[in-house]
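Contents: one structure, followed by commentary.
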Amino acid sequence: MINISECDKVKLKSGELAKISEVLKKDKDYIAEIFKKDGHVEIDQISYDDIASVFVEIEKPLAM
């Protein structure tokens with residue numbers, strides 16, 4: 001099981017992207033900003049089972 005924290009960007013099984021705003025119950029329930037396909041943003045409660053994947057940020061330096 002992947003640990004999901006506040007501010008993580010996730011993809012829901014519905015195909016929509018979301019940003020975790022608050023962890024209600026670790027590895028179970030979250031409040032998320034859901035970016036709807038029509039351009040609106042909805043704040044709603046989601047569960048771990050609603051999440052398809054978690055985005056991982058990688059830093060790429062511009063110069064050495």
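Points worth noting:
- Rounded accessible area per residue of the chain, 1.4 Å, Å²: 79 Å²
- Per-peptide average of other Cβ atoms within 10 Å, ordering 1-7, 57-63, 40-46 highest first: 40-46, 1-7, 57-63
- The GNM of the chain, with springs linking C-alpha atoms under 10 angstrom apart, assigns the highest mean-square fluctuation among Ala18, Ala52, Ala32 to Ala52.
- Gained length - Ile58 relative to Glu22, 0.36 nm times residue gap less alpha-carbon distance: 10.7 nm
- Dipole in debye (nearest 20) - the chain, about Cα centre, beta carbon charges: Lys, Arg +1; Asp, Glu -1: 180 debye
- The local environment of Ser53, defined by Cβ-Cβ distances under 10 Å, has a net charge of +3 under the rule Lys, Arg +1 and Asp, Glu -1.
- Considering only Asp38, Asp29, Asp49, the mean-square fluctuation computed in a Gaussian network model of the chain, springs between alpha carbons under 10 angstrom, is largest for Asp38.
- Here the contact order of the chain, divided by its residue count and restricted to Cα pairs under 8 Å and six or more residues apart, works out to 30 percent.
- Between the listed residues Met64, Ala18, Ile34, the Cα displaced farthest toward the positive end of the dipole of the chain, a dipole computed from Cβ unit charges relative to the Cα centre, is found at Met64.
- Sequentially through the stretch 56-64, phi angles give Karplus couplings (6.51, -1.76, 1.60; θ = phi - 60°) of 10, 7, 10, 7, 10, x, 7, 9, 9 Hz, Gly and Pro residues having no value and appearing as x.
- Hydrodynamic analysis of the chain uses the Kirkwood radius over alpha carbon pairs. Inserted into Stokes-Einstein at 10 °C and 1.306 mPa s, it gives a translational diffusion coefficient of 128 µm²/s.
The values are calculated or read from the model by the stated rules, or taken from the named source; none is laboratory data. Remember, predicted model here, so these are calculated numbers, not experimental data. When we count neighbours, we look across all protein chains shown, and the Cβ atoms used for this are built from the backbone with ideal geometry, even at glycine. All accessible areas refer to the heavy atoms of the entire protein, side chains included, with ligands and DNA or RNA removed. Shrake-Rupley method; radii C 1.70, N 1.55, O 1.52, S 1.80 Å.
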